[in-house]
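The values are calculated or read from the model by the stated rules, or taken from the named source; none is laboratory data. These numbers come from a predicted model, not from an experiment. Using ideal geometry, Cβ is built from the backbone for each residue, glycine included, and neighbour counts are taken over all protein chains shown. Calculation scope for accessible area: heavy atoms of the full protein, side chains included, ligands and nucleic acids excluded. Shrake-Rupley method; radii C 1.70, N 1.55, O 1.52, S 1.80 Å.
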Amino acid sequence: MDPPPGWLSGPRKKKPRLTGALVASSPQDVKFQDLVLFILEKKMGTTRRAFLMELARRKGFRVENELSDSVTHIVAENNSGSDVLEWLQIQKIKASSQLELLDVSWLIECMRAGKPVEMTGEHQLVVSRDCSACPSSGPQKAPPLAVQKISQYACQRRTTLNNHNQIFTDAFDILAENDEFRENEGPCLTFMRAASVLKSLPFTIISMKDIEGIPCLGDRVKSIIEEIIEDGESSAVKAVLNDERYKSFKLFTSVFGVGLKTSEKWFRMGFRTLSNIRSDKSLTFTRMQRAGFLYYEDLVSRVTRAEAEAVGVLVKEAVWASLPDAFVTMTGGFRRGKKTGHDVDFLITSPGATEEEEQQLLHKVISLWEHKGLLLYYDLVESTFEKLKLPSRKVDALDHFQKCFLILKLHHQRVDSDQSSWQEGKTWKAIRVDLVVCPYERRAFALLGWTGSRQFERDLRRYATHERKMIIDNHALYDKTKRIFLEAESEEEIFAHLGLDYIEPWERNA
Ligand code: CTP
Ligand code: MN
Ligand code: MN
């Protein structure tokens, strides 16, 4: 008893005859197990929806009353794909990328055929590229039909080095840095979070609609984005780049050993160039700053991956001379896949070493390099690590492991790369290196902490505190509810303790 052709496309106002109870089909009635339909009421109306649902069920389709994870096909009428995605987002519903968004015309054809018909482009709802709810992968490519609410925490986002919004993130990085120089903590954090969330987007922002529903973007941030969309640049950023204080602080802090305090002092004294500072007889410098000036040119030029690998060989040779079973892992930006860095970071840990051997390791490494004439600067900080100390609540706190900040002399012949960057006459380059030693059972926490990025670490701590009542730092994870330390052998286990999906190191470039 199929209805005559054309009945479904008749006027919607016409009262449907079939208005039976909305009962879900029992499993044996379902002929097409692979499809789970949901019919959107919006712009279709309750009666027509009820009618279509009942009809589809009688034809052997599984139709859900409510939208759930099991739904595979959403059918809508008079809605675009973007409308449907927006509706889903308002319902705070996560839709998988497998979800099909279809026009009612597809359902009508299925009803006529008495079975699922092929979905063609005519049936599939189009998601316009400026749909705010939809991450698209750039202006040319059709966006995937994935609706995933973006988290306010960087540790719940995947941020690769493929930044689609550099024009915006560069602007916010500069504004954040300016506020850091002025010690405006609130605004600095606001801009850092904005830059971070934009780095995670899989599409380029080209209109204000694109940023609807994205967290961490307040009114001030939005107005800057709008200005960049319209003018290609931000007047606030231009002002910062021309600001005396910003320019001076940027220059001064580029010297190893110079932080905000020293920059402030030099700025107030009226200094604006490094050469004036260097040659001023009245100034005194720390040992760190003297090294910073001495090797300035090398240290401001970025460390390449080839150089980092060559340093890795040096570190392993020196470490294994004392502790052959030690693990040496390159951490920091290079572990996140960066091609260059401001330094090279290493985490060292040995399963078999005694406490004494562990404590002696960096001292032995240092004296070995000193003998070889490779040590241009070092600052060895002894461990203040205590096993039962609770993790620190401070977000940017330094950790308690033994560590060494160094400048190493890296001979060009040790670097496996082109030689065009070699300066004439000089056969080596000064490289900043950080070495950290941790007890073997802490290696997962230390690795997670020293892999960064800083924003990723900040949000990991914030997430643990606010969402899990836990405290995490570079040493440990503590559950405040259960009042116990949670142990972990790997980074994966730490993410699992925190109830987080695992984020790979190269996805932590937040
Ligand atoms: N870190 C830390 N404690 C410190 C210094 C660094 O926990 N005293 C961690 C930070 O979480 C940071 C990581 O170690 O993310 C690496 O620090 P750093 O070398 O400053 O940054 P990178 O991310 O490696 O960036 P770059 O390539 O510029 O070196
Ligand atoms: Mn680094
Ligand atoms: Mn470092």
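Numerical summary
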{"quantity": "Matching residues, the stretch 181-207, being without any contact (Cβ under 8 Å) to a residue 60 or more places away in the chain, open to solvent by 30 Å² or more (accessible area, probe 1.4 Å) and touching a helix residue (DSSP H, G or I) at 6+ places or on another chain (Cβ under 6 Å)", "calculated": "P187"}
{"quantity": "Flag for F249 being open to solvent by less than 30 Å² (accessible area, probe 1.4 Å), free of Cβ contacts under 8 Å to residues at least 40 places away in the same chain and of a type outside the set (S, T, Y)", "calculated": "no"}
{"quantity": "Filtered residues of the stretch 438-453 (kept if open to solvent by 10 Å² or more (accessible area, probe 1.4 Å) and away from ligand 2 (no atom under 16 Å from the Cβ))", "calculated": "P439, Y440, E441, R442, R443"}
{"quantity": "Members of the stretch 78-99 found to be open to solvent by 20 Å² or more (accessible area, probe 1.4 Å) and either modelled with pLDDT of 90 or more or hydrophobic (A, V, I, L, M, F, W, C) (or both), listed by number", "calculated": "W87, I90, I93"}
{"quantity": "Wholly enclosed helices (runs of 4 or more DSSP H) of the stretch 274-379 bearing at least 2 residues touching a residue at least 60 places away in the same chain (Cβ under 8 Å)", "calculated": "287-294, 296-300, 305-322, 332-335, 355-371"}
{"quantity": "Members of the stretch 463-485 that are within 14 Å of ligand 1 (Cβ to nearest atom) and out of contact with any strand residue (DSSP E or B) (no Cβ under 9 Å at 6 or more places or on another chain)", "calculated": "D473, H475"}
{"quantity": "Qualifying residues in the stretch 325-352 (those that are away from ligand 3 (no atom under 14 Å from the Cβ) and charged (D, E, K, R)) - the one nearest to Y296 (Cα to Cα)", "calculated": "K339"}
{"quantity": "Unmet criterion (only one of (1) open to solvent by 40 Å² or more (accessible area, probe 1.4 Å); (2) within 26 Å of R458 (Cβ to Cβ); (3) modelled with pLDDT of 95 or more) for C404", "calculated": "(1)"}
{"quantity": "Residue match in the stretch 439-460 (condition: within 16 Å of ligand 3 (Cβ to nearest atom) and among the β-branched types (V, I, T))", "calculated": "yes"}
{"quantity": "Failed item, numbered, when V303 is tested on (1) within 16 Å of ligand 3 (Cβ to nearest atom); (2) surrounded by fewer than 19 Cβ atoms within 10 Å (Cβ to Cβ)", "calculated": "(2)"}
{"quantity": "Residue that is nearest to ligand 2 (Cβ to nearest atom) [pool: residues in the stretch 331-344 that are open to solvent by less than 40 Å² (accessible area, probe 1.4 Å) and touching a Leu at 6+ places or on another chain (Cβ under 8 Å)]", "calculated": "T331"}
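Conditions tested, residue by residue: (1) open to solvent by less than 60 Å² (accessible area, probe 1.4 Å); (2) in contact with a strand residue (DSSP E or B) (Cβ under 9 Å, 6 or more places away or on another chain).
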residue: V313; (1), (2): no, no
residue: K316; (1), (2): no, yes
residue: G352; (1), (2): yes, no
residue: Y377; (1), (2): yes, yes
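This table checks each residue for (1) modelled with pLDDT under 95; (2) of a type in the set (D, E, K, R); (3) closer than 30 Å to E382 by Cα.
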{"position": "N276", "(1), (2), (3)": "no, no, no"}
{"position": "S279", "(1), (2), (3)": "no, no, no"}
{"position": "S301", "(1), (2), (3)": "no, no, yes"}
{"position": "T329", "(1), (2), (3)": "no, no, yes"}
{"position": "E355", "(1), (2), (3)": "no, yes, yes"}
